[in-house]
1. When only residues in the stretch A:345-379 that are within 17 Å of residue A:432 (Cα to Cα) and hydroxyl-bearing (Ser, Thr, Tyr) count, which is farthest from the chain's Cα centre (by Cα)?
2. For the stretch B:389-407, give me each residue that is out of contact with any strand residue (DSSP E or B) (no Cβ under 7 Å at 6 or more places or on another chain) and either within 18 Å of residue B:437 (Cα to Cα) or of a type in the set (Val, Ile, Thr) (or both).
3. It is to be established whether one or more residues within the stretch B:180-188 are in a helix (DSSP H, G or I) and farther than 20 Å from residue B:93 by Cβ.
4. Out of A:424, A:385, A:438, which single residue is exposed (fewer than 13 other Cβ atoms within 10 Å of the Cβ) and touching a residue at least 24 places away in the same chain (Cβ under 8 Å)?
5. Check whether at least one residue in the stretch A:347-362 is in contact (Cβ under 8 Å) with a residue 40 or more places away in the chain and either at positive phi or among the β-branched types (Val, Ile, Thr) (or both), and report yes or no.
6. Look through the stretch B:433-488, keep the residues that are of a type in the set (Asp, Glu) and assigned to a loop (DSSP other than H, G, I, E, B), and return whichever of them is farthest from the chain's Cα centre (by Cα).
7. Say we look at the stretch B:194-214 and pick out the residues that are more than 14 Å from chain A (Cβ to nearest Cβ) and either among the acidic types (Asp, Glu) or in contact with a Cys (Cβ under 9 Å, 6 or more places away or on another chain) (or both); which of these is surrounded by the fewest Cβ atoms within 10 Å (Cβ to Cβ)?
8. Every residue in the stretch B:282-296 that is assigned to a helix (DSSP H, G or I) and more than 17 Å from residue B:241 (Cα to Cα), please.
Amino acid sequence: MGEKEELRNGDYVAKKPKLLKLSISDPEYLLASEFSHHEPGTARINNGSFGCCPESIIAAQRTWQLRFLKQPDHFYFSTLRPNLSKSRAVVKTLINASDLDEVSLVDNATTAAAIVLQQVGRRFSQINDTVVMFHCAFPAIKKSIQAYVTRAGASVIEVRLPFPVNSDSEIIAEFRKGLSKAKSNGGKVRLAIIDHITSMPSVLVPVRELVEICREQGVDQVFVDAAHAIGSVPIDVQEIGADFYVSNLYKWFFAPPSVAFLYCRKSNSSSSTMHHPVVSHEYGNGLPIESSWIGTRDYSPQLVIPTIIEFVNRFEGGIEGIMARNHEQVVKMGKMLAESWGTSLGSPPEMCASMIMVALPSKLCVTSDDDAFSLRSHLREKYKVEVPIYYRPPNEDDGENEPRHKDGLITGYTRISHQIYNKVEDYYKFRDAINQIVENQQVCKMLSTK
Amino acid sequence: MRHFPLLPLVTCSWFYYLTPDPFPFLSKLQTLQLQPPSPMASQSHPYLNGDSNTHIPKKPKLSSLSSSFITEAEIQSEFSHHDSTIARINNGSFGCCPSSISNSQQHLQLQFLSQPDHFYFSHLKPGILRSRTLLQSLINAQHLDEISIVDNATTAAAIVLQNIAWSFAEGKFNQGDVAIMLHYAYGAVKKSIEAYLTRAGGHVIEVHLPFPVNSNEEIVFEFRKALEKGKENGRKVRLAVIDHITSMPTVVIPVKELVRICREEGVDQVFVDATHGIGCTDVDMQDIGADFYTSNLHKWFFCPPSIAFLYCRKSSQCLDLHHPVVTHEYGNGLAVESAWIGARDYSAQLVVPKVFEFVDRFEGGIEGIKKRNHENVVKMGQMLAKVWGTNLGCPPEMCASMIMVGLPACLGISSDLDTLKLRTHLRDKFGVEVPIYYRAPKDGEVDLVTGYARISYQVYNKVDDYHKFRDAINELVGDGFTCTLLRG
């Protein structure tokens, strides 16, 4: 692939070989070239949980790991920090942060939550200090709040996320209600935690509007948990306007496990009091520097970020092209499944990114989280379909607006993902599996392996 | 992984690594593997010294497919990825990882990437449980619950100290209550104490140890002094942080005795920072008797970066330790919390059984390795001190696999910055990797050795490595080199 270029004086210089363009719309080729390590025969429609990592990136990661093992002292003194800075610079550009100091690299959103909540916990001063979050916030976030907020004496108000949801205004209305409730006892809302894309059930939340409302209503700080965002939706942290914003790079941005970025707005005075909980030599030098050394460990997932940019740029339209295609395909597949099962989607297409919730036939009788888990395990073991299932408890408040199916109330949804390695056959396999289970007149309780 | 209900703990077979590979198609994919060692005809082990009292490890060998031990050639092959142009005599900083372990790790990483949900639900927890179980028997802990696996000793320190901070915040401790630590405590641990203890209202007292040191009595004496100071004015000593083997300058501390003194003197809790412990010195939880004990496994126990264990004595008053990264496992005990701190690469923690197998390929297992490392590092240290006309930093019985060797005074080392620059110079100009320590003169001392090198000895080292270092220093001395030349 290398080309030679003749210079005036007759010398030849080998050009860097051009990397082959990759086609977004050719999953077969991608599976063979970059994702051949994915278990063959499994319809992997759960990119949302653990993400994926192409072989080019795995190879780049391995190179970094070997460099460290070869001469770790030299790596530590000369290689690590400059390359971590490069990675941070790439992220800064990606998310339109105004300053490199605003970008720290950490393991995952869970770690970022610990950092933000520890800092918030230190600021609680009054009995009526409150934290507001969505009721469907990720379980780890809820526990983090218990560990750092409730333990420090503050209280928590949960905002119900309407689901199934029909428009942004439904979410905005609930959020306003939640904020009023939080302020009703005369307390100060110290922190609002807002998901950019909720996990289960998965919905794209109008974060910009919600952040604005927080500012209007005098909320101290806003933390956006955007675990799924990068590589799913465009991110402009200046436009979104939150104080803290975290996203995992290994979910939708092809990084190996695991790396996430935590953005801390510089104009927020508490940014300088943020600390990584694992304290090392760099304590006091700012969160980005503290996070770049938390003791001896493998920093290679953080070092491959520039290589990932090269990878996504091999696709038509780069990461934007990938995002657009994933969105288009997941909506198409969601509609196909809903039609086949006679059910519905959990949100309108514009309120999802690369994942969408599809209602399951009510005949499956999903009546608990355990049922959802049994169904998921059964799908994995019997049908080789990997997809998470969500139990949506009936809500009295919804009354006539409860989601319904021709056969009854809808209480189960599935969250399908679409990533570049997915093929239409993956979703057909899932469609057919559910149809088979219904045809066999099996309900979730029968599928339990306990 | 973003959504799941509580998971049943699946107890998996002990023979996880002996069952057929569930991911056979992956073996084609392992790229950039380190060169596996080629089996050679058995040769007499170059490190055998005729000692017939080699301690046999307590646990049974996992594989006894061959009765011959690992050969010198196989050892060099396991570490052939090391930069061959460098005399690597600093195992203490970053440890080492044999290629067979690195390859096992890569296999685990690919298994996860192949079908992560399945890996998460079926393989991860049993794998970590297996590693913890092996470690429990290695360090003679009574209960499995006492063993948590974390990234490194720095993380372990954060866990222990964060709990102390809560005790201050929640009024269990009074403002001004004391923590004792060694003056030579590791920099990161000192910062952690500042972040979690001082900041919460605690008062820190440092134990000033003499260096060079001549006997355990000197250390015990200073420790008692510091404890008395801590208890002045009716203050309570809430925590003693004691290094098992200090980092810089390196010395083996008589922890068992110091823990006993702590108990006598009514110290609430004792935390032993044994970063260098496992694979370096004897680690027996019943014998040492501390409340908390942590050791890195990637330094002297051949694990990939990075993994450490944190032992928390069950009978200890404090059972409310938490990992600072909180997930859905919060409240299920530190060991369970630490086994899931969000999606990340746990392969370094899962590869522990393979490391036990690796270590068992050596005569005497880990005990044999420790013994030979110790003998060799003392021998090399004495050789260097003799050639340079200097001294060792401690007597042989107060070191394990590392020792401090005085550098010729004419090198003019007179600051920490000098040591860093000299170290860089040795790396760049002479291909020698070794950390240097500045020992400031005290009042009245003259013509003193102010610089010490901390040399390590691990199984991959050869005598030539130390000769290279010897010659490099001799050349510098011969050229009239001083550190002033590196300044500016």
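1. So the first thing to find is which residues in the stretch A:345-379 are within 17 Å of residue A:432 (Cα to Cα), and the list is A:358-364, A:375-379.
Adding the requirement that they be hydroxyl-bearing (Ser, Thr, Tyr) leaves A:362, A:377.
On the way: A:362: 29, A:377: 22 Å.
This residue is A:362.
2. Once the filter is applied, which keeps residues that are out of contact with any strand residue (DSSP E or B) (no Cβ under 7 Å at 6 or more places or on another chain) and either within 18 Å of residue B:437 (Cα to Cα) or of a type in the set (Val, Ile, Thr) (or both), the stretch B:389-407 yields B:389, B:395.
3. So the first thing to find is which residues in the stretch B:180-188 are in a helix (DSSP H, G or I), and the list is B:187-188.
Checking which are farther than 20 Å from residue B:93 by Cβ leaves us with none.
So far as the stretch B:180-188 goes, no, none of its residues is in a helix (DSSP H, G or I) and farther than 20 Å from residue B:93 by Cβ.
4. Numbers: A:385 fails: exposed (fewer than 13 other Cβ atoms within 10 Å of the Cβ); A:438 fails: exposed (fewer than 13 other Cβ atoms within 10 Å of the Cβ).
The unique qualifying residue is A:424.
5. Yes, because at least one residue in the stretch A:347-362 is in contact (Cβ under 8 Å) with a residue 40 or more places away in the chain and either at positive phi or among the β-branched types (Val, Ile, Thr) (or both).
6. Restricting attention to the stretch B:433-488, the residues satisfying the condition of being of a type in the set (Asp, Glu) are B:433, B:443, B:445, B:447, B:464-465, B:471, B:475, B:479.
Checking the rest, the ones that are also assigned to a loop (DSSP other than H, G, I, E, B) come to B:443, B:445, B:447, B:479.
Values: B:443: 34, B:445: 33, B:447: 34, B:479: 37 Å.
Here the residue is B:479.
7. In this case the residue turns out to be B:214.
8. The answer is B:286, B:287.
The values are calculated or read from the model by the stated rules, or taken from the named source; none is laboratory data. Bear in mind that the values here come from a model prediction, so they are computed numbers and not experimental data. Backbone-built Cβ (ideal geometry, glycine too); neighbour counts: all protein chains shown.
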